[in-house]
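Reviewing the structure listed below.
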Amino acid sequence: NAGVTQTPKFRVLKTGQSMTLLCAQDMNHEYMYWYRQDPGMGLRLIHYSVGEGTTAKGEVPDGYNVSRLKKQNFLLGLESAAPSQTSVYFCASSYRSAGGYEQYFGPGTRLTVT
Amino acid sequence: GQSLEQPSEVTAVEGAIVQINCTYQTSGFYGLSWYQQHDGGAPTFLSYNALDGLEETGRFSSFLSRSDSYGYLLLQELQMKDSASYFCAVRPNAGNNRKLIWGLGTSLAVNP
């Protein structure tokens, strides 16, 4: 099993450009999440999904959109990139079950907006 | 509100024992989780405490006391490879409980 994969691993954008970050998981997890991580800020939830066809906003959703058309994929879109969106983006997934909702993370995408 | 507090940095020497604390202010939650993240890497799950008490997994142990709103991660026989950031997280049992509430992380430096 590949677990959680993310593409691309690195990307540099100019202000105003758009892009889509791809996340895929092969563990049949119901829940998927997009986080951003900035120095000293920990992990901040952007959007999440509790199942195919559903999405919901997290703490910092502005400037991002998501889609979950297939259970195994969760896409994060930046319509008009801004320097404030320079960050490391992590995708995660978890089982739909009681307990700790252990989250499995992808390797991250390092995005720089100039 | 709901928040988790951890020390920002902890330093220890190889072979020693270190305790990373997590205090929380939340109305209720299912349990306390711990994650490890090495520089440049992704967070990985370490442990989960659903009940009060100590959970042991090899050199790592995690403790929860709901009455004291407190938990900790204990790392024994420290190794250089334990240098990483450690995050505590809880899943609230009220409202939208599909999300985790995360602490800001503790950076552990293990010196020779």
Is it true that B:Ser33 is at pLDDT below 95, crowded, with 17+ Cβ neighbours inside 10 Å, assigned to a strand (DSSP E or B) and under 10 Å from the mean Cα position of the chain (by Cα)? yes
Go through (1) within 27 Å of A:Leu45 (Cα to Cα); (2) buried (at least 20 other Cβ atoms within 10 Å of the Cβ); (3) touching a residue at least 24 places away in the same chain (Cβ under 8 Å) and name the single condition B:Leu75 misses. (1)
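Can you confirm whether B:Arg66 is more than 13 Å from B:Val18 (Cα to Cα), more than 14 Å from chain A (Cβ to nearest Cβ) and surrounded by fewer than 17 Cβ atoms within 10 Å (Cβ to Cβ)?
Numbers: more than 13 Å from B:Val18 (Cα to Cα): yes; more than 14 Å from chain A (Cβ to nearest Cβ): yes; surrounded by fewer than 17 Cβ atoms within 10 Å (Cβ to Cβ): yes.
Yes, satisfied.
Evaluate region B:37-47: report whether one residue or more is closer than 19 Å to B:Leu4 by Cα, part of a loop (DSSP other than H, G, I, E, B) and modelled with pLDDT under 90. Before the answer, list the steps.
We begin by selecting, within region B:37-47, every residue closer than 19 Å to B:Leu4 by Cα; these are B:37, B:43-47.
Among the residues that remain, those that are also part of a loop (DSSP other than H, G, I, E, B) are: B:43.
Now drop any that are not modelled with pLDDT under 90, which leaves none.
No, the conditions are met nowhere in region B:37-47.
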Within the set of pairs 6 or more residues apart or between chains, which connect a residue that is at positive phi inside region B:10-22 to a residue that is surrounded by fewer than 16 Cβ atoms within 10 Å (Cβ to Cβ) with Cβ atoms less than 9 Å apart? B:Gly15/B:Glu77; B:Gly15/B:Gln79
Name every residue in region B:84-112 that is buried (at least 17 other Cβ atoms within 10 Å of the Cβ) and away from every other protein chain (no Cβ under 14 Å), in order of residue number. B:Leu108, B:Val110
Kindly evaluate A:Pro39 against the criterion of being within 26 Å of B:Ser33 (Cα to Cα), without any contact (Cβ under 8 Å) to a residue 12 or more places away in the chain and within 12 Å of chain B (Cβ to nearest Cβ). yes
Which residues, counting only those in region A:65-114, are within 14 Å of chain B (Cβ to nearest Cβ), basic (Lys, Arg) and loosely packed, with under 13 Cβ neighbours inside 10 Å? A:Arg96
(1) out of contact with any Leu (no Cβ under 6 Å at 6 or more places or on another chain); (2) of a type outside the set (Ser, Thr, Tyr); (3) in a strand (DSSP E or B) all hold for A:Gly40 apart from (3)
(1) more than 14 Å from chain A (Cβ to nearest Cβ); (2) within 13 Å of the chain's Cα centre (by Cα); (3) buried (at least 17 other Cβ atoms within 10 Å of the Cβ) all hold for B:Leu54 apart from (3)
Boolean, A:Ser94 is of a type in the set (S, T, N, Q) and touching an Asp or Glu at 6+ places or on another chain (Cβ under 8 Å): yes
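The values are calculated or read from the model by the stated rules, or taken from the named source; none is laboratory data. Just so it is clear, the model here is predicted, and its values are computed rather than measured. Ideal geometry is used to build each Cβ from the backbone, glycine not excepted, and the neighbour counts take in all protein chains shown.
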